[in-house]
1. In nm, give the distance between the simple-model label positions of Met65 and Glu140, each being 7 Å from the Cα along the Cα-to-Cβ direction.
2. Return an integer: the convex hull volume of the alpha-carbon atoms of segment 31-141, in Å³ per residue.
3. Expressed in nm to one decimal, what extension gain is obtained for the pair Arg259 and Glu247 from 0.36 nm per residue of sequence separation less their Cα-Cα distance?
4. Multiply the residue gap between Asp174 and Lys318 by 0.36 nm, knock off their C-alpha separation, and tell me the result in nm, one decimal place.
5. Could you pull the Cα extents of the chain along its three principal axes, largest to smallest, in whole Å?
6. Nearest 10 degrees, 0 to 90: what angle lies between the long axis of helix 178-190 and the longest principal axis of the chain (Cα atoms)?
7. Given the Cα atoms of segment 67-107, and with Rh set as the inverse mean 1/r over their pairs in the Kirkwood sense, what is Rg to Rh to two decimals?
8. Report Rg/Rh for segment 176-316, rounded to two decimals, where Rg is the Cα radius of gyration and Rh the Kirkwood radius.
Amino acid sequence: MADKANPGTLTDNSERLFSFGVIADIQYADLEDGYNFQGSRRRYYRHSLVHLQGAIEDWNKESSMPCCVLQLGDIIDGFNAQYKTSEESLEVVMNTFKMLKVPVHHTWGNHEFYNFSRDYLTRSKLNTRFLEDRIIDHPETIPSENYYAYHFVPFPKFRFILLDAYDLSVLGVDQSSPKYQQCMKILREHNPNTELNSPQGLSEPQFVQFNGGFSQEQLNWLNEVLAFSDTNQEKVVIVSHLPIYPEASDNVCLAWNYRDALAVIWSHKCVVCFFAGHTHDGGYCEDHFGVHHVNLEGVIETAPVSQAFGTVHIYPDKMVLKGRGRVPDRIMNYKKEKALNF
Ligand SMILES: [Zn+2]
């Protein structure tokens, strides 16, 4: 009995600090089932709302209530624009979310921009920037209005950062604007195809119209927030519609300049996890710097008999994803020492 365990440490390591919910690619539309572009996956447009209702019922019943839910984007399907049901469908989904007892943070994906302009989204209920955390002494950690990103602290020493993966994009911006011209130039430089949604023959297949990227301005801001979190010895969870790590995603689904985002993240030791949607089959990988990349399985391609959402439980030494249905359980340990040298 000489090596008596330190009871403080023992308690810390087993204690659950807080939890949050995750859900991706609901893509609701009041339509019969269809198929994805390749015709290989069935899409349950109407049933996706039932999946969301089921997820909300589960989160509301959890023994320790999640502090919030992260909605990873593509909340309604682009087909709504065609049928002129965008506002109606958004209303239906947002009314469903009202049953949830905790706040939801909404990320914006390509389907948001198929339905709405960026200006419309900024004024809509999908803008949850009011839930952000203001660090008064550090104005450089306050995001600019030029992109939709913010950070918040749901639990002491845990900072969440929501990123705008369509900050650089030809979707949702006025075609006469300089921003559109700049983004179209980037896209065409990397994609010579007539159909810009096609990755055919591309050495960097992520350069398609349905993806986007992060501006240098947003990356500089991310860098400032991560520097602040490093100094404060916080752990950081990042959320974006688009994945940024090739080993955890279909290459055609990555953010245009995913390498730039990774370079910023890897130059700090605070980031423990990166959550994204968009790649409906899901994916996971821990990178060499100990960042866990979780790309969540999409609700839209989930059969009625199954489910697709999760609850993440946070512990002092790890995060545990409790998946439902298609979403697998995962234990994600924090790396003790993170390499900072490039
Ligand atoms: Zn998407």
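A short reminder: the numbers here are calculations on the coordinates, not readings from a lab. Source: prediction; values computed, not measured. Please note: Cβ atoms are built from the backbone with ideal geometry, for glycine as well, and neighbour counts cover all protein chains shown.
1. Roughly 3.8 nm, to one decimal.
2. Details: hull volume 15.6 nm³, N = 111.
Roughly 140 Å³ of hull volume per residue.
3. Numbers: separation 12, 0.36 × 12 = 4.32 nm, distance 1.26 nm.
Using 0.36 nm per residue and subtracting the Cα-Cα distance, I get 3.1 nm.
4. On the way: separation 144, 0.36 × 144 = 51.84 nm, distance 4.35 nm.
Extra length available between Asp174 and Lys318 comes to 47.5 nm.
5. Cα spread of the chain along its principal axes, largest to smallest: 72, 44, 39 Å.
6. On a 0 to 90 degree scale, this one is about 90.
7. On the way: Rg = 11.4 Å, Rh = 11.1 Å.
Rg/Rh: 1.03.
8. Reported Rg/Rh, Kirkwood definition of Rh: 1.00.
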